[in-house]
Each structure stands twice: as structure tokens, then as C-alpha cells.
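*Asks:* My questions will all concern the structure given below.
The values are calculated or read from the model by the stated rules, or taken from the named source; none is laboratory data. Small disclaimer: the values here were computed from a predicted structure and weren't measured. Note that we place each Cβ from the backbone using ideal geometry, even for glycine, and neighbour counts take in every protein chain shown.
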Amino acid sequence: MLLMKKITVHTSTKQYDVTIGKGLRHHVLDFLTKRYSRIFIITDSNVEPLYLDDVIQSIEKDYHVTYTVVPAGEGSKSMRFYFDIMTEAIRSGLDRDGLIIALGGGMIGDLAGFVAATFMRGIDFIQMPTTILAHDSSVGGKVAINHPEGKNLIGCFFPPVAVIYDVETLHTIPFTEVRSGYAEIVKHSMINEPPFWEKLQQVDLNKPLDDNYLKQDLLRGIEVKANIVEQDERETNIRQYLNFGHTLGHALEAELGYGKITHGEAIAIGMLFALQVSEKYYKSQLPYDALYQWLINNQYPTRLPQLSVAKLVERMKRDKKVKDQKITMVLLKDLGKPMIKQFDDHKITVWLEDFLQELNHH
Ligand SMILES: NC(=O)c1ccc[n+]([C@@H]2O[C@H](COP(=O)([O-])OP(=O)(O)OC[C@H]3O[C@@H](n4cnc5c(N)ncnc54)[C@H](O)[C@@H]3O)[C@@H](O)[C@H]2O)c1
Ligand SMILES: [Zn+2]
């Protein structure tokens, strides 16, 4: 508890603290800033056997606690589970003065957050992220569920009242999820001042995670994100910087089939592409090789099956951010200097063909 770190995030409507530390799940009551009528916890089937009891034990002496468990996996971020959770919440007696706790990774954060945002027109919720990737999703106030037509199409902006990040819980996530989460930390480093990326380059994910380094990396990543969303909560301009690596990343995830590659692993390849395009466009030197080497050292997938460039480009054009048929990419003029640029599909096609060929022959 002594070694916890705190960041305060300011939104247009309120502010909330993000606290990172070891064993915080045993001290949840310390983070409640007001009295609630009761508490309803939402978690998934992987997290439940690991951490649900700890959280319940830390609050049940003062509160009436109920919970619900959804199957692990992106499939639960759906209309069906949203509705089922609502039913359970109502039947459990949750009311307007209650609190929802989202205990899990980004899937649970988005789902439980959207439940909280809409339950009786919105009640307080706390994010308790249990994945590295959730350093990204738990901060910034975006909550959503998926529609069969696309990811995150049903959602809103609804910040939590607190984020309680217990780094101890991160030791049980599978290696692929460690990689996935670290890719988003790398993203935050690349759109920030160079020292952050230089430090991350030393990170060796093949070794057991060190709580202190992890805490620092998460904190730095959250700071970068918080700083941007505080200036542009509703993504009218600079919040788009957070999409660095995501234009191709999202297209790869969809084209390969969700679940074939994790979000972060796809974003990692997307960042390589964005770096290569940036080098060509600005005729500058960027850490393409350094990132490539880091990805190889940490066993990220960099070889892709044969993919249709035309289909990938088509997917990029279907992105929510497309304007006037042009594809938006976040480039780096220099490390820490993101720029938003639009290109027509012909340009992207040429660059992407080069990129994929080089990647597979590296
Ligand atoms: N709201 C936002 O701003 C935002 C930003 C980025 C991503 N997201 C969303 O986040 C989701 C991805 O998040 P994620 O990568 O955390 O996925 P996830 O929540 O599905 O977690 C990944 C896997 O790890 C398991 N898991 C979670 N914590 C664990 C633990 N401590 N020990 C063992 N296993 C554990 C989960 O059960 C799951 O199987 C997507 O739905 C994405 O759309 C939202
Ligand atoms: Zn992402």
C-alpha cells in the first residue's frame, strides 16, 4: 500500500483518481469517496476464480455486495449480456445510489461501464483493471458494447469515479495478453517525448514481470493518455493521436479474424507500418528498426499469412474515422510529434504492398 501511485484525471464533468499499487484489491473501501446503497460487481469467468473473493472480502463488512460473471472473451461485450446484466442488477436490488465495480480487462471495463452509464440513467462505477491493456481502456471514459456490424458501435462517454489498479493481478495474465498490453504502452511512448520509448526498449517480456517497472510503465502510459483526453475528451482533434498504429491494426484484426491475433499484437504491426510511412512521407529517421527488433525479442508475431492488400485497404476505408473517402493515419513527424494525415487509397495501397513484402522477407 505504501508504494502506490496516483494520477488525477480531469474530465468536463468531474475528476477521478487512478491509483496503481500492489494488493489494492484488498483495500477497495479506502477508495470509495461516498456512501453507496449497495455494490454490484461485474467480472468474467477467468477473473472470477482469481480475484473476486478478495474484492468481496474487502467490502462486505460495510456493504451489501452482489455480483455477476460473464464468459471471458470479446463475445460477452454484446447486447445479450448487456441485457442479462441489467436484469440481474435490477433483481439484485441495485438502485440509483448504488455502485458498479468493473473487475477485469478492457472487455469487462467497456461492458460494465456501459451498463453503469445506462442503468437508471447512469450510476457510479469503479474500474478495477486486471490486464495491462486495460491501462488504456480504463482511462478516458469511453464505454461500449459491440454490434454484429462492428466493434464498439453502441456506447457513450462515461468516466468512472475511480480506477483501482492492482499490479499483483497482472501476474496471472497469459503471455499473449502481456504482449498485447505492452504494445499499447509502446504506442503511448511513441506519441510522447523520446525518453519514454528509450526506457521501454529495455523491457524484456520474456522475464517475469517486475512490479516496480510495471507500475512505472503503466503510470507513464496512463499519464500520456490522460493528458490527451483531458484536452480532447470527445475526440475532435488530438485524441486521434491515440490511434497511432490503429488504422492498419484494426484492419488486420478484422481481416485475420478476431481472436487470431490480439488487439495489441495487431497494433504493433500497425505501428511498424505507421513508422515506415512516416519515414517516407517526412523523409526522416524513426525507430522502425528498433521497434522491429523489440517486437522480435519479445516474441510478437511479425509474419503474417498471405493477405489481400485490397481487402485491407477496403477495411481501412470502412473505419469510423474515414472522411471524404480518405484514410486517416497518425504519422510521426518525429518521435513524440504525432500528426494526423489523410491519404487516398492508391497511396496507401502502394505503401502497404511494400510494407507487407518487406515484413515477410525481413
Ligand atoms: N474504452 C476504451 O477506451 C478502450 C481502449 C482500448 C481497448 N478497449 C477494449 O478493451 C477490450 C480488450 O481488453 P483486454 O485486452 O484487457 O481484453 P479482455 O478483457 O478480454 O482480457 C483478455 C483475457 O485475459 C483474461 N484476464 C483478464 N484479467 C486477467 C488476469 N488478471 N489473470 C488472468 N486472466 C485475465 C480475460 O478473461 C480474457 O480472457 C476490447 O473490447 C477493446 O475494445 C477499450
Ligand atoms: Zn488500441
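*Asks:* Across segment 285-308, which residue is nearest to GLU193 (Cα to Cα) among those that are buried (at least 18 other Cβ atoms within 10 Å of the Cβ) and of a type in the set (A, V, I, L, M)?
*Replies:* Here the residue is LEU286.
*Asks:* Within segment 71-88, does at least one residue satisfy the condition of being β-branched (Val, Ile, Thr), more than 19 Å from GLY113 (Cβ to Cβ) and modelled with pLDDT of 95 or more? Outline the logic, then answer.
*Replies:* Looking only at segment 71-88, we keep the residues that are β-branched (Val, Ile, Thr), and these are 85, 87.
Filter again for more than 19 Å from GLY113 (Cβ to Cβ), leaving none.
There is no residue in segment 71-88 that is β-branched (Val, Ile, Thr), more than 19 Å from GLY113 (Cβ to Cβ) and modelled with pLDDT of 95 or more.
*Asks:* Let me ask something else. Please indicate, with yes or no, whether at least one residue in segment 91-102 is exposed (fewer than 15 other Cβ atoms within 10 Å of the Cβ) and modelled with pLDDT under 95.
*Replies:* No, the conditions are met nowhere in segment 91-102.
*Asks:* If I filter segment 102-120 for residues that are aliphatic (A, V, I, L, M), away from ligand 2 (no atom under 16 Å from the Cβ), touching a Pro at 6+ places or on another chain (Cβ under 6 Å) and closer than 30 Å to PHE175 by Cβ, do I get at least one hit?
*Replies:* For segment 102-120, residues aliphatic (A, V, I, L, M), away from ligand 2 (no atom under 16 Å from the Cβ), touching a Pro at 6+ places or on another chain (Cβ under 6 Å) and closer than 30 Å to PHE175 by Cβ: absent.
*Asks:* Can you name every residue in segment 174-218 that is crowded, with 18+ Cβ neighbours inside 10 Å, more than 13 Å from the chain's Cα centre (by Cα), within 21 Å of ILE7 (Cα to Cα) and not charged (D, E, K, R)?
*Replies:* SER189, MET190, ILE191, ASN192, PHE196, TRP197, LEU200, LEU214
*Asks:* If the Cβ limit is 7 Å and pairs must be 6+ apart or interchain, which residue in segment 228-246 that is among the basic types (Lys, Arg) pairs with which residue that is not in a helix (DSSP H, G or I)?
*Replies:* These pairs meet every condition: ARG234/PHE157; ARG239/ASP232.
*Asks:* Tell me, yes or no, whether segment 337-350 has at least one residue that is at pLDDT 95 or above, assigned to a loop (DSSP other than H, G, I, E, B), touching a Lys or Arg at 6+ places or on another chain (Cβ under 7 Å) and under 21 Å from PRO194 (Cα atoms).
*Replies:* No, every residue in segment 337-350 fails to be at pLDDT 95 or above, assigned to a loop (DSSP other than H, G, I, E, B), touching a Lys or Arg at 6+ places or on another chain (Cβ under 7 Å) and under 21 Å from PRO194 (Cα atoms).
*Asks:* Looking at segment 143-150, is at least one residue among the small types (Gly, Ala, Ser) and within 20 Å of ALA72 (Cβ to Cβ)?
*Replies:* Step one: filter segment 143-150 for residues among the small types (Gly, Ala, Ser), giving 144, 150.
Keeping just the survivors that are within 20 Å of ALA72 (Cβ to Cβ) gives 144.
Yes: segment 143-150 contains one or more residues that are among the small types (Gly, Ala, Ser) and within 20 Å of ALA72 (Cβ to Cβ).
*Asks:* For segment 245-298, which helices (runs of 4 or more DSSP H) that fit wholly inside it have 1 or more residues that are over 16 Å from MET316 (Cα atoms) and out of contact with any Ser or Thr (no Cβ under 8 Å at 6 or more places or on another chain)? Lay out the reasoning, then the answer.
*Replies:* Details: elements: 246-256, 263-282, 288-297.
Per the criteria, 263-282, 288-297.
*Asks:* Is it fair to say ASP54 is in contact (Cβ under 8 Å) with a residue 24 or more places away in the chain, buried (at least 16 other Cβ atoms within 10 Å of the Cβ) and either more than 16 Å from ligand 2 (Cβ to nearest atom) or polar (S, T, N, Q) (or both)?
*Replies:* Numbers: in contact (Cβ under 8 Å) with a residue 24 or more places away in the chain: yes; buried (at least 16 other Cβ atoms within 10 Å of the Cβ): yes; either more than 16 Å from ligand 2 (Cβ to nearest atom) or polar (S, T, N, Q) (or both): yes.
Yes.
*Asks:* Only one residue in ILE154, ILE164 is closer than 30 Å to GLY122 by Cβ, touching a residue at least 40 places away in the same chain (Cβ under 8 Å) and either surrounded by fewer than 19 Cβ atoms within 10 Å (Cβ to Cβ) or of a type in the set (Asp, Glu) (or both). Which one? It would help to see each step written out before you state the result.
*Replies:* Working: ILE164 fails: either surrounded by fewer than 19 Cβ atoms within 10 Å (Cβ to Cβ) or of a type in the set (Asp, Glu) (or both).
None of the other options fit; the residue is ILE154.
*Asks:* On the basis of being assigned to a helix (DSSP H, G or I), surrounded by 16 or more Cβ atoms within 10 Å (Cβ to Cβ) and touching a helix residue (DSSP H, G or I) at 6+ places or on another chain (Cβ under 6 Å), does LEU331 make the cut? I'd like the intermediate steps shown before the answer.
*Replies:* On the way: assigned to a helix (DSSP H, G or I): no; surrounded by 16 or more Cβ atoms within 10 Å (Cβ to Cβ): yes; touching a helix residue (DSSP H, G or I) at 6+ places or on another chain (Cβ under 6 Å): yes.
Criteria not met by LEU331.
*Asks:* Same structure, new question: I want to confirm something. Restricting to segment 61-86 and keeping residues that are among the acidic types (Asp, Glu) and within 27 Å of the chain's Cα centre (by Cα), which single residue is farthest from ligand 1 (Cβ to nearest atom)? Before the answer, list the steps.
*Replies:* Of the residues in segment 61-86, the ones among the acidic types (Asp, Glu) are 62, 74, 84.
This time we only want the ones that are within 27 Å of the chain's Cα centre (by Cα), so: 74, 84.
Details: GLU74: 6, ASP84: 18 Å.
So the residue we want is ASP84.
*Asks:* Among (1) assigned to a helix (DSSP H, G or I); (2) more than 28 Å from HIS171 (Cα to Cα); (3) away from ligand 2 (no atom under 14 Å from the Cβ), which single condition is LEU219 missing?
*Replies:* (2)
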